[in-house]
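Before any comments, here is the structure.
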Amino acid sequence: MNEFLTWMLDVVQGVDPVVRTLIAGLAIMLETSVLVGLVVPGDTIVIVASTAVANPLEAVVLGLVVIVGALIGESIGFWLGRKLGPWLRRSWLGRRIGAQNWETSERYLARRGGPAIFLSRFLPVLHSLVPLTVGMTSFTYRRFLLWTAPACAIWATLYVSVGALAAGTFRELSDRIHWAGYIFVAIIVVFIAGVYLAKRVIMHNERRHLEPADASAETSANHGPSQPGAEGDA
């Protein structure tokens with residue numbers, strides 16, 4: 001295990017730091033862009049790139065580039081929605097995405113406003129659709145950025161930090177502990193499991209804002225009345 005991981009990490013670290021940083025930024029830009037965001041594994045590429053950081057400065061630079069890439073991708077989605085939204089929805093790609101997903105994105109944004117933009121960054125499918133949906137509404141670009149930028153920053157910081165931590169821990173222990181590779185794997189697996197559980201918790205808490213009115217009413221009836229309070233970002 002140690003030999004294989006050392007070889008793998010050395011291969012990644014052998015790539016020029018500027019090149020691998022730009023690849024990570026490009027990958028996350030594509031991952032957050034509606035046109036390819038449903039198929040590009042940007043999060044995986046970011047973790048792989050983060051395992052090669054050699055010092056705190058490289059980690060900071062990688063994190064900043066990933067944040068910028070995410071914001072560019074989200075901005076592409078916003079402006080595509082602003083300029084081509086209805087056409088895209090009727091296009092072949094829009095039909096492949098599915099009417100139900102479009103309706104969920106529109107419903108979530110209408111009910112939650114700004115918080116939907118923030119939380120959608122951590123939800124499957126919606127992280128690509130919500131920026132485009134926002135562009136089709138009266139939301140200003142500045143208002144959109146104010147909600148999506150913190151989410152992108154949190155996301156990038158988590159992924160870069162975990163990848164760098166796992167690789168750094170392995171390199172520090174690999175010469176002394178023959179099962180150090182399993183520590184690397186454990187860190188990654190625990191993180192992935194944590195991300196999965198966090199998404200499930202968000203989906204559970206936001207379910208009534210995502211479901212149609214009749215389904216939401218049925219859920220409320222099964223779980224008791226919801227607490228009164230203002231929704232959205234008013």
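Just so it is clear, none of the values below were taken in a lab; they were calculated from the coordinates. The structure displayed is predicted, hence computed values, not measured ones. Neighbour counts are summed over all protein chains in view; Cβ atoms, including those assigned to glycine, are modelled from backbone coordinates with ideal geometry.
The distance separating the Cα centre of region 49-104 from that of region 5-35 comes to 16 Å. Normalised Debye scattering of region 51-166 at q = 0.11, 0.16 Å⁻¹ gives log10 I(q)/I(0) of -0.40, -0.73, counting only Cα atoms as equal scatterers and leaving out solvent.
As a proxy for reagent exposure, ranking Leu145, Leu126 by other Cβ atoms within 10 Å from fewest up yields Leu145, Leu126. For the chain, the longest principal axis of the C-alpha atoms and the axis of helix 17-31 are separated by about 20°.
Could you work out the relative contact order of region 84-206, using alpha carbon pairs under 8 angstrom and six or more residues apart, expressed as a whole percent? Don't jump to the answer; show the numbers that get you there.
Details: 71 pairs, mean separation 26.0, N = 123.
In percent, rounded to a whole number, it is 21.
For a Förster distance of 25 Å, can you work out the FRET efficiency between the beta-carbons of Leu84 and Val19, rounded to the nearest 0.05?
Working: r = 32 Å, r/R0 = 1.29.
Given R0 = 25 Å and the Cβ-Cβ separation, E is 0.20.
Relative to the longest principal axis of the Cα atoms of the chain, the long axis of helix 2-14 lies at roughly 70 degrees. Backbone geometry of region 118-132 corresponds, through the Karplus equation with coefficients 6.51, -1.76 and 1.60 at θ = phi - 60°, to 3J(HN,Hα) couplings of 5, 6, 5, 4, 10, 10, x, 6, 4, 5, 9, 8, 4, x, 5 Hz, x marking Gly and Pro. Label sites at Ile177 and Tyr196, each approximated as a point 7 angstrom past Cα along Cα to Cβ, lie 2.3 nm apart. With a cut-off of 8 Å between alpha carbons and a minimum separation of six or more residues, what is the relative contact order of the chain in percent? In percent, rounded to a whole number, it is 25. Only helices enter the 222 nm calculation for the chain: every DSSP H run of n ≥ 4 contributes -39,500 (n - 2.57), and dividing by all residues gives -26500 deg cm²/dmol, rounded to 500.
Per-residue 3J(HN,Hα) values for region 87-100, derived from phi via the Karplus relation 6.51 cos²θ - 1.76 cosθ + 1.60 with θ = phi - 60°, read 5, 4, 5, 8, 6, 4, 5, x, 5, 5, 4, x, 4, 5 Hz in sequence order (x marks Gly and Pro). Largest GNM mean-square fluctuation across Val189, Val68, Val12, computed for the chain with C-alpha springs under 10 Å, falls on Val189. Think of the chain as having a plus end and a minus end, set by charges on the Cβ of Lys, Arg, Asp and Glu; of Ile188, Gly73, Gly42, Gly73 sits farthest toward the positive end of this dipole.
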